[in-house]
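Enquirer: Have a look at this one.
No lab work stands behind these numbers, since they all come straight from the coordinates. Being a predicted model, the structure only gives us computed values, none of them experimental. Backbone-built Cβ (ideal geometry, glycine too); neighbour counts: all protein chains shown.
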Amino acid sequence: MLRVLGTEITALPEIQTRAAADLGIEIEFDCLDFLNAQRRAAVDPASYDVYDQCFHNLDIVWFWHAIQPIDVTRIGVWDEVSSLTKAGRITPHGSIGEGDAPVTRLYVQPDRSLGSRPSQWISMLPTVHNVDSFVYRRDLIGDEIPTSWAALLNPKWRGRVALVDEPAIGVFDALLAVQASRALSFKAIGQLSTAEIDALLALLSRKRDAGHFYGWWKTAAEAADWMAEGHTWIQSAWSPVTTHLRRRGIPVEEAVPREGYRAWHGGLCLSAMLSDRMRDVAYEYLNWWLGGYAGAIVARQGYYMSVLDPVRAHLRPAEWRYWYEGAPATESLPAPDGTTIVAQGAVRSGGSYWQRAGSIAVWNTTMDEHNYLARRWARLTGRREAD
């Protein structure tokens, strides 16, 4: 039994079933929200074998010695991992984006710190990634097409706006919106000072008290429900939100903000408790993830993989052209569960993978002042503050 701790992002039944069959093992997915998965990973590494997470959640579990370094010589296609992961840029001269680009904490250094200098050892195996913006219901907001993050603060949609309730993610949607609207300016949006955090949260609190926000969602299903029921017209979103809505026939559009996207990168970590045969099994699972099938499944909900060629081999040509090349769909295309979510003739917003990944404004980030930010964010969203 291989125990995988993760979130709704990649804990998909199609992946679990196929991996178990291909590897000849039993696989158990333990799916939690981001904060609870991170907490479990840090304090109880004996409860899982593989931790499926994002780079911006890495610092805490690494600090607590909950995960062990991964030997890249045991990863069969390591040389094929994309430059976006290894260098932070999809093209040699592209922008790396602010915040926690994966390369900044990818490699394990001789002193066991994490950094961008290549070594034989990595902190986590890079897998799924994407660039996010926000979504809107075209049938409800009218003819205006939002092209800036500032739309999230537009008083025109007061009471119909929502953000994701995760301080290392949702705060950046808010930051980009505040900066784009010129309400405040920041020295570096990936690394705020306590004074900048105070100014940002004070502004958001005033907007909340004025009734601007409908709420803060915790899961893609909750976000989709709010929008499907008409509670929200414009909001933070991940690709699964769009997938949920399109399954239900809701006319949702993904924005292409001129300021750039908020990006994230996920991957797989090995529990510090793994050894011997179970560690070998975990390495087999890591290599399986880069074999193409998993990448094809997550592509069908809008995600990219760190190794591209095997994914292409597992997608129909029309799927590859739509999801990766940004071309119009020449046929209707399925979600991971097989239901149709892309109509013939549709075009993915933002263009090709290379265009979208070349327009990253900021990565999901755990700032130096994250604990302070998390406490302030909890007061904003009405959650009980953690001890």
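Enquirer: Need the full-extension length gain, D143 to T194, defined as separation in residues times 0.36 nm minus the C-alpha distance. One decimal, nm.
Expert: Taking 0.36 nm per residue and subtracting the Cα distance, the gain is 14.4 nm.
Enquirer: Write down, largest first, the equivalent ellipsoid semi-axes of the stretch 31-96 in whole Å, where each equals the square root of 5 times an eigenvalue of the alpha-carbon gyration tensor.
Expert: 27, 16, 10
Enquirer: Pick from M305, M273, M227: which is most flexible by mean-square fluctuation in a GNM of the chain where alpha carbon atoms under 10 Å apart are linked?
Expert: The residue with the greatest mean-square fluctuation here is M273.
Enquirer: Using +1 on the beta carbon of Lys and Arg, -1 on that of Asp and Glu, and nothing else charged, what's the dipole of the chain about the Cα centre, debye to 20?
Expert: Value, rounded to 20: 940 debye.
Enquirer: About the Cα centre, and with charges only on the beta carbon of Lys, Arg (+1) and Asp, Glu (-1), how big is the dipole of the stretch 1-114? Nearest 20 debye, please.
Expert: That gives the stretch 1-114 a dipole magnitude of about 300 debye.
Enquirer: Sticking with this one: Under a straight-distance cross-link criterion of Cα-Cα below 16 Å, which aspartates and glutamates are reachable from K86, leaving out those fewer than 8 residues away in the same chain?
Expert: D71, E98, D100
Enquirer: Could I ask something else about it? Working out 0.36 nm times the residue gap between S205 and S113, then minus their Cα-Cα distance, what length gain in nm do you get to one decimal?
Expert: Net length gain for the segment: 29.4 nm.
Enquirer: Which one of L12, I60, A37 has its Cα pushed farthest toward the positive end of the charge dipole of the stretch 11-66, where Lys and Arg give +1 and Asp and Glu give -1 at the Cβ?
Expert: About the Cα centre, the residue reaching furthest to the positive side is I60.
Enquirer: Return the single residue from R312, R105, R247 with maximal mean-square fluctuation; model: Gaussian network over the chain, springs between Cα atoms under 10 Å.
Expert: Most flexible of the set in this elastic network: R247.
Enquirer: Distance from the Cα centre of the stretch 124-145 to that of the stretch 256-289, in angstrom?
Expert: 23
Enquirer: Among I189, I60, I297, determine the one that fluctuates most according to a GNM of the chain built with springs between C-alpha atoms less than 10 Å apart.
Expert: Its mean-square fluctuation being the largest, the pick is I60.
Enquirer: While we're looking at this one, here's another question. Give the lysines reachable from K218 as a straight Cα distance under 26 Å; neighbours fewer than 8 places away on the same chain don't count.
Expert: By straight Cα distance, K218 reaches K156, K207.
Enquirer: Summing -39500 (n - 2.57) over the DSSP H runs of n ≥ 4 in the chain and dividing by its residue number, what mean residue ellipticity at 222 nm do you reach, to the nearest 500 deg cm²/dmol?
Expert: -9500 deg cm²/dmol
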